[in-house]
1. Which trypsin sites (Lys or Arg not before Pro) from the range 20-58 combine a DSSP loop assignment with at most 12 other Cβ atoms within 10 Å?
2. Shape verdict for the chain, please, from the Cα gyration tensor: rounded (a/c under 1.5), prolate (a/b greater than b/c) or oblate.
3. Go ahead and set up a Gaussian network model of the chain, Cα springs under 10 Å, then flag whichever of Pro52, Pro69, Pro11 fluctuates most.
4. For Asn44 and Asn77 in one chain, what is 0.36 nm times their gap in residues minus the Cα-Cα distance, to one decimal in nm?
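Throughout, read-outs are computed from the coordinates displayed, never taken from laboratory work. Since this is a predicted model, take the numbers as computed values, not measurements. Positions of Cβ are generated from backbone atoms using ideal geometry, with glycine treated the same way; all protein chains shown enter the neighbour counts.
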Amino acid sequence: MNKPNIVDKLPLEINVIAGETYYWCSCGKSKNQPFCDGAHVDGNFEPVAFTPDKTGSIYVCQCKYTNNPPYCDGSHNNLPD
C-alpha cells in the first residue's frame with residue numbers, strides 16, 4: 001500500500017457547517033488541502049466523506065496518519081522528524 005504525503009505535522013483548524021458534507025484528502029496530494037481535489041486517482045487512496053453535527057471549528061489531520069479521519073488524533077507525534 002502507498003503511503004500518504006505528509007502535508008504538515010500539525011492539525012489545521014477549519015470552520016464547518018452542520019449537515020454539510022465535506023471530503024477530506026487522505027492521500028496528501030490535493031492542492032486544495034485539507035479537501036480532496038481528485039489528485040488521488042493514480043493511487044490507493046479515496047477521499048473521506050464527513051458531515052459534522054455542529055457548526056464551528058474542528059481540527060483536521062494534515063499528516064494523513066490519523067486513526068480517526070479526518071480529525072487529528074495526535075498521530076503526528078509518532079512520526080519521524
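1. Sparse-neighbourhood loop trypsin sites (Lys or Arg not before Pro): Lys31, Lys54.
2. Details: a/c = 2.05, a/b = 1.25, b/c = 1.65.
Oblate is the answer for the chain, as a/c is 1.5 or above yet b/c matches or exceeds a/b.
3. Ranking Pro52, Pro69, Pro11 by mean-square fluctuation puts Pro52 first.
4. 9.4 nm
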